[in-house]
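Before any comments, here is the structure.
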Amino acid sequence: MEYATARNRMVESQLISRGIKDPRVLDAMRKVPRHRFVEEALVSQAYNDHPLPIGEKQTISQPYMVALMTEALELQGQERVLEIGTGSGYQTAILAELAEKIYSIERIRPLSVKAQRILDELGYFNVVLKVGDGTLGLKEEAPFDAIIVTAGSPDVPQPLVDQLSMGGRLVVPVGDRYTQSLMKVVRVKEGITKTDLGGCRFVNLLGTHGWKE
Ligand code: SAM
């Protein structure tokens, strides 16, 4: 109950106040127990307005950033979605509330294993987790209606653009190793359109079409 209250407060004060409008996204953020995806010692901070460490030098993103990126994907419920950077699995759970099938790739196996356990415990069975280099996408399951990259990339990874369906949306932070712009790429008949959704700060996307290790 106390967590539900914290979530409602988070939605009002961090999301609605900053312009998040999609009622399905707001409902998912009210529902998914973010505190289950953070370390025991950080549970009291789970609904605060900032990212938190999740081990392996990685982070669970700020709630507002999760909501902003999710809203940009324009999910209606029937989509097949690819996520790059499973991390804690929190964003994966939000996506699982909003679309039909979610594929999520993480390069650090222990994070993927832990995320799988929590997603199973919470009953998110429309999710498939993979371990590997997400900058290559997931050719065997393409095309995707929506793709979300939750790590900062030097450029828009071309394989991900190629794996978008017509009209598909890709959201990816693009910039240098320390600060990025959140880019929304839409696949259209003529090629792609790109919109800058604003500044952000993510851990590095490491891989063939990301930063070198
Ligand atoms: N979405 C996550 C959540 O809700 O907890 C936060 C993800 S964290 C900001 C970024 C993640 O991307 C890290 O776990 C990192 O290991 C992962 N990552 C970085 N490069 C990757 C790649 N090439 N393929 C897959 N995952 C990658």
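The values are calculated or read from the model by the stated rules, or taken from the named source; none is laboratory data. Note that this is a predicted model, so its numbers are computed, not measured. Using ideal geometry, Cβ is built from the backbone for each residue, glycine included, and neighbour counts are taken over all protein chains shown. Side chains included, ligands, DNA and RNA excluded: accessible areas come from the protein's heavy atoms. Shrake-Rupley method; radii C 1.70, N 1.55, O 1.52, S 1.80 Å.
The residues in the stretch 177-198 that are open to solvent by 40 Å² or more (accessible area, probe 1.4 Å), closer than 17 Å to ASP155 by Cβ and in a strand (DSSP E or B) can be counted, and the count is 7. Considering only the stretch 158-213, state which residues are more than 15 Å from the ligand (Cβ to nearest atom) and touching a Ser or Thr at 6+ places or on another chain (Cβ under 8 Å). Once the filter is applied, which keeps residues that are more than 15 Å from the ligand (Cβ to nearest atom) and touching a Ser or Thr at 6+ places or on another chain (Cβ under 8 Å), the stretch 158-213 yields MET183, LYS184, VAL185, VAL186, ARG187, ASP196, LEU197, GLY198, GLY199. For the stretch 133-153, the candidate set comprises residues that are closer than 27 Å to ARG117 by Cβ and over 17 Å from the mean Cα position of the chain (by Cα); within that set, the residue that is most open to solvent (accessible area, probe 1.4 Å) is GLU140. Inside the stretch 27-70, can you point out the residues that are under 24 Å from VAL174 (Cβ atoms) and open to solvent by less than 10 Å² (accessible area, probe 1.4 Å)? Within the stretch 27-70, LEU52, ILE60, PRO63, VAL66, ALA67, MET69, THR70 qualify.
Looking only at residues in the stretch 108-145 that are without any contact (Cβ under 8 Å) to a residue 12 or more places away in the chain and part of a helix (DSSP H, G or I), the one that is farthest from PHE37 (Cα to Cα) is GLU140. Pairs are defined by a Cβ separation below 7 Å, a sequence spacing of at least 6 or placement on different chains, a first member in the stretch 55-84 that is farther than 21 Å from MET183 by Cβ, and a second member that is surrounded by 24 or more Cβ atoms within 10 Å (Cβ to Cβ) and among the polar types (S, T, N, Q); the pairs so defined are ILE60/SER88.
Taken over the stretch 101-132, the residue count meeting the criterion of being more than 12 Å from the ligand (Cβ to nearest atom) and crowded, with 21+ Cβ neighbours inside 10 Å is 1.
Only one of the listed residues (VAL25, VAL38, VAL32) is within 15 Å of the ligand (Cβ to nearest atom), modelled with pLDDT of 95 or more and in contact with an Asp or Glu (Cβ under 6 Å, 6 or more places away or on another chain). That residue is VAL25.
Taking first residues from the stretch 1-23 that are acidic (Asp, Glu) and partners that are open to solvent by less than 50 Å² (accessible area, probe 1.4 Å), the Cβ contacts under 6 Å between residues at least 6 apart in sequence or on separate chains come to ASP22/GLU71. Residues in the stretch 102-153 that are farther than 28 Å from GLN180 by Cα and of a type in the set (Asp, Glu): ASP120, GLU121, GLU140, GLU141.
Residue selection: THR92 fails the criterion of being under 10 Å from the mean Cα position of the chain (by Cα), touching a residue at least 40 places away in the same chain (Cβ under 8 Å) and within 12 Å of the ligand (Cβ to nearest atom). Looking across the stretch 71-81, not a single residue is open to solvent by 20 Å² or more (accessible area, probe 1.4 Å), assigned to a loop (DSSP other than H, G, I, E, B) and either within 12 Å of the ligand (Cβ to nearest atom) or under 23 Å from ASP133 (Cβ atoms) (or both).
Listed here are the residues, each with its yes/no results for (1) of a type in the set (D, E, K, R); (2) in a helix (DSSP H, G or I).
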| site | (1), (2) |
| --- | --- |
| THR59 | no, no |
| MET69 | no, yes |
| GLU83 | yes, no |
| THR86 | no, no |
| GLU97 | yes, yes |
| TYR103 | no, no |
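Within the stretch 154-169, is even one residue open to solvent by less than 50 Å² (accessible area, probe 1.4 Å), in contact with a helix residue (DSSP H, G or I) (Cβ under 7 Å, 6 or more places away or on another chain) and among the hydrophobic types (A, V, I, L, M, F, W, C)? Among the residues of the stretch 154-169, not one is open to solvent by less than 50 Å² (accessible area, probe 1.4 Å), in contact with a helix residue (DSSP H, G or I) (Cβ under 7 Å, 6 or more places away or on another chain) and among the hydrophobic types (A, V, I, L, M, F, W, C), which makes the answer no.
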